[in-house]
Every structure is written in structure tokens, then in C-alpha cells.
Amino acid sequence: MGRGTVEHYLQDLEEELRDLPPSRRRELLEEIREHIGAALAEIPTDEEAGVRNVLERVGDPAVIAEEARQRFGIRRTKPGVREILTLILLPIGGLLVPGVGWVIGAILLATSQVWTSREKVIGLLLVPGGLLPAFLLGTGVGSVCTQTIHNGRVVSNTCTGGLPPWLGFVVLAVLVIGPIWSTYFLASRMNRRAATT
């Protein structure tokens, strides 16, 4: 369990260091790995709490990466118009320009230098299409309704192809919360990095 936490931490650090030259990145990662290994050797067990304490003492990967960039004279890409448009188009682009808006947001996210690969995957795959699928489900697209008319009066309405009400509510909630959460996640990661520059 603890070793998995260390590997996850080192993967996060490697992502944060992606704009360093490969040799510098490898050197720093090896230095941090050795430091963590030495610190873990001093704790009695490989329990999760002890591992987390060691990693907290080592520091936040974003902060370590920023210090390394300063040391090597590398300027990090700052968030700009591209990132703001990304955060707008991912959740509501499909509603603004159906079929295209979300795709443009996805391209902007994929080509941005601000977010890590893992963050981009979360932003793109959690709920593709942003809030458009929730809108389509909420408006009943996909269900077919028929009316039975007798002597000019509607006798019955029958809809097929939709979800049962309880399941529709659950799916709708997921389709609304997913894009909002992923946008919040991307914005918070962007702001955290901006605060360290």
C-alpha cells in the first residue's frame, strides 16, 4: 500500500517536471527517490500514515518542480486565454455550439502546457461532451412518444425508449455533476500552479 503511494507521488512529480530537460528531470527524480527511500528506512513499518508523513516532509510535487525551474532558469507556461476558453468550452461548449464547442475545448485542453497528462485525461474522459448529454437526457431526446386520438381527442400518451424515472434521475445527476467537477478540478490545479509561479 505504502509503496504504491510513493510511486504515485513520484509519477505526479515527474508530470510536474515535464518542462525540465530530460537529464535534469531524471537526476532530480532519482535524488528525490533516494531521499524518500532513506526516510522510509527510518520508520518501523511500511504503514500508510508513516509513508504519507514522509511524503509531506519531502513536499508538494508542484512546489518542488517550481523550485527546480527557478534553479535551472526555466519559465513555466502561465495560464492565459487558451486555458480560460478551455474551462468555459469543456462544460458548456456543446450547448453553445452543438457538436463543435466541446471538441474545441478538448483540443485546447490537449494542447495546453498548463495541465499534466493525467489531468487532461480526467478533463476529457470523465464526461465527454460536457453538459450536452445531460441536456439531451433532460429534454427527452432518444425517447419516442405517441398519442392515441379518438374522435379528435387525445386518449393516451405513450413514451418508449426512455429510462425509468429513478434511473434517469441518477444518470442525469452524474451527467451534470461530472463536467462541473472536472472543470473545478482543472481550474483548481491551474490556480495552484499559478500560485507557485
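What the table below lists for this structure:
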{"item": "Odd one out for ASP12, checked against (1) out of contact with any Pro (no Cβ under 6 Å at 6 or more places or on another chain); (2) closer than 18 Å to GLY123 by Cβ; (3) part of a helix (DSSP H, G or I)", "result": "(1)"}
{"item": "Residue in region 24-33 that is at pLDDT below 90, part of a helix (DSSP H, G or I) and not small (Gly, Ala, Ser) present", "result": "yes"}
{"item": "Looking only at region 85-94, and only at residues there that are surrounded by fewer than 20 Cβ atoms within 10 Å (Cβ to Cβ) and among the β-branched types (Val, Ile, Thr), the one that is farthest from TYR184 (Cα to Cα)", "result": "ILE92"}
{"item": "Subset of region 59-84 (residues that are buried (at least 16 other Cβ atoms within 10 Å of the Cβ) and of a type in the set (A, V, I, L, M))", "result": "ALA62, ILE64, ALA65, ALA68"}
{"item": "Residue count, region 95-124 (criterion: in contact (Cβ under 8 Å) with a residue 60 or more places away in the chain, among the polar types (S, T, N, Q), closer than 12 Å to LEU186 by Cα and not in a helix (DSSP H, G or I))", "result": "1"}
{"item": "Candidate set from region 148-179 (those that are in a strand (DSSP E or B) and of a type in the set (S, T, N, Q)); member that is modelled with the lowest pLDDT", "result": "THR160"}
{"item": "Selection count where residues are farther than 22 Å from ALA65 by Cβ and surrounded by 15 or more Cβ atoms within 10 Å (Cβ to Cβ), scope region 98-137", "result": "20"}
{"item": "Test for PRO91: is it touching a residue at least 60 places away in the same chain (Cβ under 8 Å) and farther than 25 Å from ARG24 by Cβ", "result": "yes"}
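The values are calculated or read from the model by the stated rules, or taken from the named source; none is laboratory data. What you see is a predicted model; the values in this text were computed from it and never measured. Backbone-built Cβ (ideal geometry, glycine too); neighbour counts: all protein chains shown.
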